[in-house]
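Derivation of every value follows stated rules applied to the coordinates shown; laboratory data play no part. Since we're looking at a predicted model, the values are computed, not measured. Glycine also receives a Cβ, built like all others from the backbone with ideal geometry; neighbour counts cover every protein chain displayed.
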Amino acid sequence: MNKTNTYQLRRNQLAERIFTKTGGGIAVISTAPELARNRDSEFPYRHDSDFYYLTGFEEPGATLVMKVDGDGKSFRLQSHLFCRPKDSEREIWDGIRLGPEAAPDALGIDYAHSNKELDQKLGDLLADQGAVYIRLAESAEADRRLRYWMKQVRGQARSGVNPPSEFHDIETLIHEMRLFKDVHEIDIMRRAAEISARAHIRAMQICKPGMREYQLEAELLHEFRNSGAQSVAYNSIVAGGANSCILHYRVGSTELRSGELCLIDAGCELDGYASDITRTFPVNGKFTGPQRVLYDITLAAQEAAIAMTKPGNTFMQPHEAALKVLTQGLLDEKLLKLSELGSLENAIETGAYRRFYMHRTSHWLGMDVHDVGSYREAAQNLTGGEKPWRILKSGMVITVEPGLYIRPADDIDEAFWNIGIRIEDDAVINDSGCELISRGAPVKTDEIETLMKNA
C-alpha cells in the first residue's frame, strides 16, 4: 500500500465509525498552529499528530473537513482540505507550498481549497448536518470559530436550512484508531528505535569524566540527525550524579564525575513517530558495588514486566510485576525496613516503595511519546467503581521503564546516595508476546562496561 492509500484508508475507517455512531455528519480537524519563539522567529514547526495521521500533510495552516453520509447501509465520504494557497513571494522566504491545486492528487483528497475560504465554506458544509465531530473545548479560538460557523448556518434558517444539533469529540474516535499500529507504522517505529539505540551507544562510547551533560546531548542529536531523523521525540534527559534522581531533568551543564552514574532518556522522531529509550551507565565505565546492585534489581524488574507484556494481560500487569521485584530489592538492601513493614505485600499495599519509585512502568508510544488511547476499557453497564484496565492486544506499543531513585537521607546508607537508575525499552505487542525494538542499546552491566572499555 502506498503512502497516499494509507491515509485514505484511515479516513475511510474514521468515516465508517462516524456513520456507525450517528448515521453521518461533519468532522473538522485542524493541524497545529505555528508558535513564536521570540520576537522574530518561530519554533521549528511540528504538525498536529491527529491531523497528520489522517492526511500525511505537514504544512501549517491546514484543516481537514470530512462530510459523511449514506443510505442507511453504507457510508459515503467527501473529503475537503483547506490549505495555504500558492504565493510566489512567501515561497521565496518560507519554502514551497503544495497549494490547493496539487493537493487532491498528492494527498488523495476529493476537494482542496485555500484556507482563506474556510470560514465562508464551513457555513455551507455544515448546513443540514445532524452531527459535528470536532475537538471539544480545544481552545478559545477554536470555540470562537465554531460559533461563527454555526451563526452562518443559523442565518440560513428562513431558506429551510437546519443547523447541526449534536456535537461529538472527534479525538475519541481517532485516538482509538491510533492506539493500534499497522505494519507501516511499526516499521517506522522500529527504524526510529534503531537510530535512538545507536545514539545511546554513541553517548556511552564518548562519555568520560570531565564532560558536561550538554556535550552528551550534542552527541545524541548528531546521531539522530545524521541517521535521518527529523527531530527529537521529546526534550532529551541527560542527568549526571544527583540529577539522575530528577525524573524530568532538563539537560544542563553539570560536570560528569568519575564514580557517578549518567542517566540518559532520549529518543528521536522519525517520519512523525517517536522512540523512547532510557539507559543508565557509569561515567567512568565501571559500576560501583552499590550501583551494580541497584541496577541489577531494576533490570530484573524490567525483565519481569516484559514477561507480562503480552496479549490478554492488562496494561497494569507489567507494572505490578516490576513493582514486586523492585520492592523486594529495596527490602533486601535495607532501603525499606522489613521490621517496620512486616511483609512485601504490605510494603506494596501501603505504597512505601513510592519514596524510591514514583511512576508507572509503562505508557503508550506512537506519534506522540506519551501516545493517545484510553488506559481503561470502555466497560458497559458499570454500576459503580473504576473501569477495568485495558487489555493488551496485538498492534499496541508500550514502553517498559522501571526505575529506582535514591536521594540522600539520614536513614539511607550513604553508599546509595544520589543513585538514579531507569531502564526503558519500546515493546510492540504481537501474537506471541512482545518485540523489544530498542534493544540495540545494551542493558546488562557487563555489556555496558565492555562497550565503554572498548571505546
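Checking the cross-link pairs LYS121/LYS151; LYS208/LYS286; LYS21/LYS121; LYS21/LYS67; LYS86/LYS151; LYS324/LYS387 against a 19 Å limit on the alpha carbon distance flags LYS21/LYS121; LYS86/LYS151; LYS324/LYS387 as lying beyond it. 3J(HN,Hα) along region 301-309: 5, 5, 4, 5, 5, 4, 4, 9, 8 Hz, from the Karplus curve 6.51 cos²θ - 1.76 cosθ + 1.60 with θ = phi - 60°, whole Hz, x for Gly and Pro. Here is the list for region 382-455: chymotrypsin sites (Phe, Trp or Tyr not before Pro) lying in DSSP coil, each with at most 15 other C-beta atoms within 10 angstrom of its C-beta, are TRP417. Taking amide H as placed 1.01 Å from N in the peptide plane, the amide H of HIS113 sits under 5 Å from that of LEU81, PHE82, CYS83, each at least 5 places away or on another chain. Each residue of region 10-23 was assigned a 3J(HN,Hα) from its phi angle through the Karplus curve 6.51 cos²θ - 1.76 cosθ + 1.60 (θ = phi - 60°); the sequence is 5, 4, 5, 5, 5, 4, 5, 5, 5, 5, 5, 6, 9, x Hz, with glycine and proline shown as x.
Against the chain, whose longest principal axis is taken from its Cα atoms, helix 445-454 shows a tilt of about 90°.
Just to confirm a number: summing +1 for Lys and Arg and -1 for Asp and Glu over residues other than ASP431 whose beta-carbon lies under 11 angstrom from that of ASP431, what do you get? Write down the numbers at each step before the final one.
Working: positive: LYS310, LYS393; negative: GLU435.
So the environment of ASP431 carries a net charge of +1.
Only counting other Cβ atoms within 10 Å, I'd like SER74, SER196, SER79 sorted with the fewest neighbours first. Don't skip to the answer; put the middle values down first.
Details: SER74 8, SER196 31, SER79 24.
Taking fewest neighbouring Cβ atoms as first place, the list is SER74, SER79, SER196.
Would you work out if region 183-454 is rounded, prolate or oblate? Take a ≥ b ≥ c from the square roots of the eigenvalues of the alpha-carbon gyration tensor; rounded if a/c is under 1.5, else prolate when a/b is larger than b/c, oblate otherwise. Since a/c reaches 1.5 but b/c is at least a/b, the shape of region 183-454 is classed as oblate.
Could you state the angle between the C-alpha long axis of helix 140-154 and the longest principal axis of the C-alpha atoms of the chain, as a value from 0 to 90 degrees rounded to the nearest 10? For helix 140-154, the angle is close to 20 degrees.
Going from the fewest other Cβ atoms within 10 Å to the most, the residues SER244, SER394, SER49, SER432 appear in the order SER432, SER394, SER49, SER244.
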